[in-house]
Amino acid sequence: MKTRVITSAFITLGLIIALLLREIDIVGLYIFDALIVLVGVFAVNEVLKVRSKAGVNRIVVYAYLICALITFYLMHLNKIALIYNFFIQVSLLCVFILYAFFSIIADRTLVKQTRINDTKYSGEVGTRLLDNIIAFVYPGMLLLTLIVVNHIGDYVSSAGINAGLFALLMVFAVACTSDVFAYLVGINFGGPKLCPKISPKKTYSGAIGGLLGGVVASLVVLAFFINTQFSDFLYSKFNELYIIYGVFVILGLLGSVISQLGDILASIVKRRAGVKDYGNILPGHGGVMDRMDAISTNSVFMLIMMLIILI
């Protein structure tokens, strides 16, 4: 417990420093991007290591993520609309999925293993293809959405320069506070297990505590931006203060749900691989991905929600 708290304190301090660095003119945005990429490299490596028996080609996964990152920056720096960037990213993903598919069916070892049994062969091809698709998306592509969130202010100029920071705080605050509340409430109140076969320690009381934590975090972030250009934008968008608070209560609830689902998804991956944690680089927590599981899914959700609110 003590080790976990100390590590959490260092992680929080590191995040605060990263967010402060982000505010150093335009350079700060790219410093934060670099930190996301660094964390992403650790996370992707941990997940691929855990899923090493899935037959996924690491080089192809890293090649895809590098191409996705370069493509995003090329289109971003040329001020191409985000919707077009999205379509290009989907197309790029499809290209790599096709490459993975043809690589699988060209594998002679697979044919020998299945002894040309059509049903067994088709099933194995489908399983391997699904494993490759998951490797492309989780967690690399999910974490790359944090970079889009970081630059969201560039796509919605009417929201002011605070939009990117606001969106990032919503991602981290809701995911992390939800996790802390779920942990504390679960330990103190216990009760029926939420999903004992996947994550034995998760309880319904903890899940409810997580929902409360998500709402608290969402409202705190909103309060932090009161009397700023961003809050002025929200007033012009929703007109009434109670509507703004209502929207962010819902954002906190849904963000917490998505974060907890991200945590459960990570548990499923670990359970299938027969491991407790993704690594041991963070004492008391496990690996980098053990801390980024909820954030990775919440970043996608908050990106979509912020775009809906800001457009």
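Within the range 203-223, is even one residue part of a strand (DSSP E or B) and of a type outside the set (Lys, Arg)?
Checked against the condition, which is being part of a strand (DSSP E or B) and of a type outside the set (Lys, Arg), the range 203-223 yields at least one hit.
Contact map, the range 290-311: residues that are within 16 Å of residue 139 (Cα to Cα) paired with residues that are part of a loop (DSSP other than H, G, I, E, B) and not hydroxyl-bearing (Ser, Thr, Tyr), Cβ distance under 6 Å, separation 6+ or inter-chain. Pairs shown: 290/277; 291/285.
Within the option set 27, 50, 61, being modelled with pLDDT of 90 or more, among the β-branched types (Val, Ile, Thr) and either more than 30 Å from residue 103 (Cβ to Cβ) or buried (at least 16 other Cβ atoms within 10 Å of the Cβ) (or both) holds for one residue only, 61. Considering only residues in the range 84-111 that are among the β-branched types (Val, Ile, Thr) and at pLDDT below 90, the one that is surrounded by the fewest Cβ atoms within 10 Å (Cβ to Cβ) turns out to be 109. The condition of being farther than 28 Å from residue 5 by Cα, modelled with pLDDT of 85 or more and surrounded by 19 or more Cβ atoms within 10 Å (Cβ to Cβ) holds for only one of 301, 248, 233, that being 248.
Just one of the numbered conditions (1) modelled with pLDDT under 90; (2) more than 27 Å from residue 276 (Cβ to Cβ); (3) in a helix (DSSP H, G or I) is not true of residue 142: (2).
Quick check, is residue 256 of a type in the set (Ser, Thr, Tyr) and either buried (at least 18 other Cβ atoms within 10 Å of the Cβ) or assigned to a loop (DSSP other than H, G, I, E, B) (or both)? Criteria met by residue 256.
In the range 163-202, the qualifying residues are those that are more than 18 Å from residue 293 (Cβ to Cβ) and surrounded by 18 or more Cβ atoms within 10 Å (Cβ to Cβ), and the one that is farthest from the chain's Cα centre (by Cα) is 185.
The values are calculated or read from the model by the stated rules, or taken from the named source; none is laboratory data. No experiment lies behind these values; they were computed from the predicted model shown. A quick note on method: Cβ atoms are made from the backbone with ideal geometry, for glycine too, and the neighbour counts reach across all protein chains shown.
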